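Following: one structure in structure tokens, then a few remarks.
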Amino acid sequence: TDEPRPEDTEVPAEVLRPNPVNLILARYSSGTALRQDALAAAVASVDRHSIVLSAASHAQSVGAKMTAADGINRNPEEVPSTNGMSTPDVEILVVDPESENEDDFASLGDAVADARPDDIIELRYNGRREEEPFTLANRRVTVRAGNDVRSGSDFQPVLVFRPLEIDPIKYPRDMFNVSGGELTLDGVALELDVPRGVPADSWSLFKIGTGQRITLQGCSLTIGNASDQQTAHHPEVAFFRLVPPAGIDMAAADAPAENGMPPRALITLRNCVARGEAVFLRAEAPQPIELNWHNGLLATTERFLVADADERPPSPDGSIQVTLAHVTAAVRSGLCRFVHTEFTPRQLNAHFACSASIFLARNAPLIEQVGILDFEQSRGQIEWTGEDNFYRGFTCFRVLRPFDPILAPEELPLDTIQAIAWESPPEALGPVHSTVANDY
């Protein structure tokens, strides 16, 4: 359960103003505000797509604002170093569809195909560009918004994926397939527009496997998948899809790797916004993953996490670990759903550490476990620790629904967790994917 400090007051998530990629602008009371020094550090490395936060005490309606510069005078040819060591072999590949330089690339896909390990791809253009899905295999690549030296500000690229084919070979279901590699995105907006007329499901922005890493900073993610009822039109659409590699025995999926560490998938987000009619993280098998999100907004008709079980017990060392700090999560269907069946009763343990965050739903449990065969085992599979979190619209904290429909579900109430009161409750008037940050 949460452990709110008694001196804390209610913490509205108020947006000061939208920016070109609809990043969240949040205001907190003194109890949950970022310290000014921490805030400055958080935004120092984020460019034009930065999140701008105001730390305000309850004695001041508006505190001192800390904003990131509209343009950082960064040398576009400068390559960041690692641990203080220079990386002379790293190249910067430029994507500029209007460039006359024969060394530049017309699309991100072309640059990724040519990129070597540790290369940096800079998007030096503004506006929306349609891209084809691609696979990042056995390489570590960074994709970032470039800097316009003429204006002194960063470019504002938007990568758009619009599938028109039902053939998964011609148009894969996953826009970024990270297979045996590591992907970093910095200051980039992504859009996945799934047409209603495409009779296919299981679309996702990112596909990630065991041991792979994805890092997003200052990014905006949008998935358009709305029905007439403003729910998800295509089922099983996700921002991130976690899948086991072909041929992997899931009972041993968390066996130590060569360096002695388990091959845990890792997703890291800083100062990011995700919105749309899609599950944020869809785990199709109980394999270990760690997700850390510091500062941002999630707005979805679905859930933050949906995780499947397996027929065999997973390794005791494997787990799902989620850390959320200063995140506003508007999850209409609830935060998490763990799915068991008669033939797949085994689920990974899940550990949640959430602080200074706001959770919104529409008459749904925060955490739901369905298809339970063993109540005692399932009760111990989820651990929740929290501080200074606020909740609205949840029917209960956690519900366990048995596989046998005759048995009654088991509920844990929310009475020990602090609820949030809004001056004006945020209600989306249109599709979730079209909302902007100041709706929250």
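The values are calculated or read from the model by the stated rules, or taken from the named source; none is laboratory data. This one's a predicted model, so the numbers in the text were calculated from it and none came from an experiment. Note that we place each Cβ from the backbone using ideal geometry, even for glycine, and neighbour counts take in every protein chain shown. When the accessible area is computed, the model is the full protein with side chains, heavy atoms only, and any ligands, DNA or RNA have been set aside. Shrake-Rupley method; radii C 1.70, N 1.55, O 1.52, S 1.80 Å.
Karplus-based coupling profile of segment 328-339, in residue order and whole Hz: 9, 10, 8, 10, 4, 8, x, 7, 9, 9, 10, 10, with θ = phi - 60° in 6.51 cos²θ - 1.76 cosθ + 1.60 and x standing for Gly or Pro.
For segment 85-187, what % of the accessible area comes from carbon and sulfur atoms, probe 1.4 Å?
45
Put simply, the convex hull of the Cα atoms in segment 190-249 casts, on average, a shadow of 5.4 nm². Per-residue packing, averaged as other Cβ atoms within 10 Å, sorts the ranges 231-240, 288-297 into the order 288-297, 231-240, beginning with the highest.
Computed from the C-alpha gyration tensor, the three semi-axes of the ellipsoid equivalent to segment 101-167 are 22, 17, 10 Å, from longest to shortest. Summarised in one figure, the compactness ratio Rg/Rh of segment 281-400, Cα atoms and Kirkwood Rh, is 0.95.
With a bin width of 5 angstrom, please list the P(r) values of segment 128-249 as percents of all Cα-Cα pairs, from the 0 bin to the one holding the largest distance. For segment 128-249, the pair-distance distribution reads 2, 10, 19, 22, 19, 14, 8, 4, 2, 0, 0.
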